[in-house]
Amino acid sequence: MSVEHDILDLELADEGRLKIEWADRQMPVLARIRERFEKERPLDGVKIAACLHVTTETANLMRTLSAGGADVALCASNPLSTQDTTAAGLVEAYGIPTFAIRGVAETQYYGHIKSVLDRRPMITMDDGNDLVTMLHTQRPDQLHEVIGGTEETTTGIIRLRAMEADGVLGYPVVGVNEALTKHLFDNRYGTGQSAIDGIIRATNILLAGRTVVVCGYGMCGRGVASRAKGMGADVIVTEVEPTRALEAAMDGFRVMTGRDAASQGDVFVTVTGNKHVLDSQHFELMKDGAIMCNAGHFDIEINLQALRSMANGSRRVRQEVEEFSMGGDRRIYVLAEGRLVNLAAAEGHPAAVMDMSFANQALCAEWMVQNAASLQKKVYVVPTEIDREVARLKLETMGVRIDELTAGQRTYLEGWQEGT
Ligand code: ADE
């Protein structure tokens, strides 16, 4: 049976399959869930439309859902993050309908989302809410067929909460990012390592002795700042939220306004989820050679339109590096077109952290099916039992054993009479 697809080249399938298997070796929690799913088939006959970064890690999630009996189809959640080898492997080796080509223009990107929606999903799995938005705005007639959805990122969850507040959310959605076993690890260690990896692969610069400005000190920002510091950079943090700014200061970083940081930074990394965090007021102060990149979900954090209008011209100087001439001898640089540098210039988060994020995704899909009748049209957090189970399995697969509370300790924690 031929598998529906729109991908670059099926000839890349062997390379893709080997890379998917390589990632799988780092994803033991997901593998255990897959083994159980094969036996229990909790997703039998459930149509799932997934809009995720098409990476080797995502491929292993697709295999797991499929092992659970789901009829899955995948499209990309960003035009620059698709690994064409993985897309080919998914179609050829695993029979998963896939619609994703790296570097497509906007119309084809949205066309791919339409292709997975054409399969009339009962569950949506989104990363950034593009699929959910299209379903609500262009296919409202399909909403009643959907029992629930999951959302991977902070950015997507913010949008879903806005939809819930406006009374337009058409079905229940679990915000997977809210799980501790997601954001404490994926956002911090995943973004921390992969954003630095993207910067280095794109530029091959030395970070030691450089000033790195991290804009935003959420979980992702904390990860980037700590990894940049670990590589010998002098790290400045900019923040708008006072508690986070205070935390950054007490974590040992210099904290200042974006304008003050603008003239000092060698490398700027935006991780805020907000728009125009780096704008004309900053571009005009940046020194010759300054490099900007973004590790937040959308490509709106650096105001590229303003930069293009200020610059005398631009040219591509390396595959993921665009140089802007700012007058005189001053040139500043943008990596990966301002899109997620960790996925566009590197391979995204390492499989070992995606193991936990995608274990949460798989278990939340199962939970949605089991609880479909009682769920309301709102944003849910990941049930604590699932979060704990993912942590327990991860520790077990890492060979780490921990203590259990004694009966006396349990009684002590539950009571109030025992004092000093
Ligand atoms: N988001 C960040 N890294 C990722 C990866 N490796 N796969 C899928 N989604 C991701």
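Readers should treat all values here as calculations from the given coordinates under stated rules, not as data from a laboratory. Just so you know, these numbers come straight off a predicted model, no measurement behind them. Cβ: placed from backbone, ideal geometry, glycine included. Neighbour counts: every protein chain shown.
Would you mind classifying the range 209-280 by shape? Square roots of the alpha carbon gyration tensor eigenvalues, ordered a ≥ b ≥ c; an a/c under 1.5 is rounded, otherwise it is prolate if a/b is larger than b/c and oblate if not.
It comes out rounded by the Cα gyration axes.
Placing +1 on the Cβ of each Lys and Arg and -1 on the Cβ of each Asp and Glu in the chain, which of 285, 104, 64 has its Cα farthest towards the positive end of the resulting dipole?
My answer, from the dipole projection, is 285.
Sort 94-101, 352-359, 259-266 by packing, meaning the average of other beta carbons within 10 Å per residue, with the highest value first. The partial results should precede the final answer.
Values: 94-101: 23.6, 352-359: 26.8, 259-266: 18.0.
Descending packing order for the listed peptides: 352-359, 94-101, 259-266.
Report the net charge of residues surrounding residue 236, where surrounding means a beta-carbon distance below 10 angstrom and charges are Lys +1, Arg +1, Asp -1, Glu -1.
-1
Starting from the Cα-Cα distance between residue 114 and residue 36, subtract it from 0.36 nm times their residue separation and give me the gain in nm to one decimal.
Numbers: separation 78, 0.36 × 78 = 28.08 nm, distance 3.17 nm.
Stretched out fully, the residue 114 to residue 36 stretch lengthens by 24.9 nm.
Can you compute the charge dipole magnitude of the range 245-296 about its Cα centre, using +1 on each Lys and Arg Cβ and -1 on each Asp and Glu Cβ, nothing else charged? Give it in debye, rounded to the nearest 20.
80
With unit charges on the beta carbons (Lys and Arg positive, Asp and Glu negative) and the dipole taken about the Cα centre of the chain, which residue among 116, 294, 7 sits farthest to the positive side?
294
Mean 1/r over all different Cα pairs, inverted: what Kirkwood radius does the chain give, in Å?
Here the Kirkwood hydrodynamic radius works out to 22.4 Å.
Please say if the range 173-248 is rounded, prolate or oblate, where rounded means a/c under 1.5 for a ≥ b ≥ c the square roots of the C-alpha gyration tensor eigenvalues, and otherwise the choice is prolate for a/b larger than b/c and oblate otherwise? Write out the running numbers ahead of the final one.
Working: a/c = 2.60, a/b = 1.40, b/c = 1.86.
Since a/c reaches 1.5 but b/c is at least a/b, the shape of the range 173-248 is classed as oblate.
Restricting to the chain, compute how many DSSP beta bridges are antiparallel as a %, nearest 5.
DSSP beta bridges in the chain are roughly 20 percent antiparallel.
To the nearest 20 debye, what is the magnitude of the charge dipole of the chain about its Cα centre, counting +1 on the Cβ of each Lys and Arg and -1 on the Cβ of each Asp and Glu?
So the magnitude is around 480 debye.
If you place +1 on the Cβ of every Lys and Arg and -1 on the Cβ of every Asp and Glu, how big does the dipole about the Cα centre of the range 264-374 come out, in debye to the nearest 20? Write down the numbers at each step before the final one.
On the way: 9 positive and 14 negative charges, 59 e Å.
Computed about the Cα centre, the dipole is about 280 debye.
Could you tell me whether the range 62-125 comes out rounded, prolate or oblate from its Cα gyration tensor? Rule is a ≥ b ≥ c as square roots of the eigenvalues, rounded for a/c under 1.5, then prolate if a/b exceeds b/c, otherwise oblate.
Details: a/c = 2.34, a/b = 1.31, b/c = 1.79.
It comes out oblate by the Cα gyration axes.
Each label point is 7 Å from the Cα along the Cα-to-Cβ direction; what then is the distance between the points at residue 105 and residue 139, in nm?
The answer from the label model is 2.4 nm.
Put +1 on the Cβ of every Lys and Arg and -1 on every Asp and Glu Cβ in the range 135-229; which of 149, 219, 137 then has its Cα farthest towards the positive end of the dipole?
Of 149, 219, 137, it is 219.
Could you tell me which helices of the chain pass both thresholds, a Cα extent of 15 Å or more along their own axis and a mean Kyte-Doolittle hydropathy of at least 0.0, with helices taken as whole DSSP H runs? Intermediate values should be presented prior to the final figure.
On the way: long enough: 13-24 (16 Å, -0.98); 28-40 (18 Å, -0.95); 56-67 (16 Å, -0.11); 106-117 (17 Å, -0.51); 154-165 (16 Å, 0.33); 191-203 (17 Å, 0.20); 219-230 (17 Å, -0.22); 351-371 (29 Å, 0.45); 384-398 (21 Å, -0.55).
Within the chain the helices that satisfy the rule are 154-165, 191-203, 351-371.
What is the distance in Å between the Cα centres of the range 345-377 and the range 231-279?
Between the Cα centre of the range 345-377 and that of the range 231-279, the gap is 31 Å.
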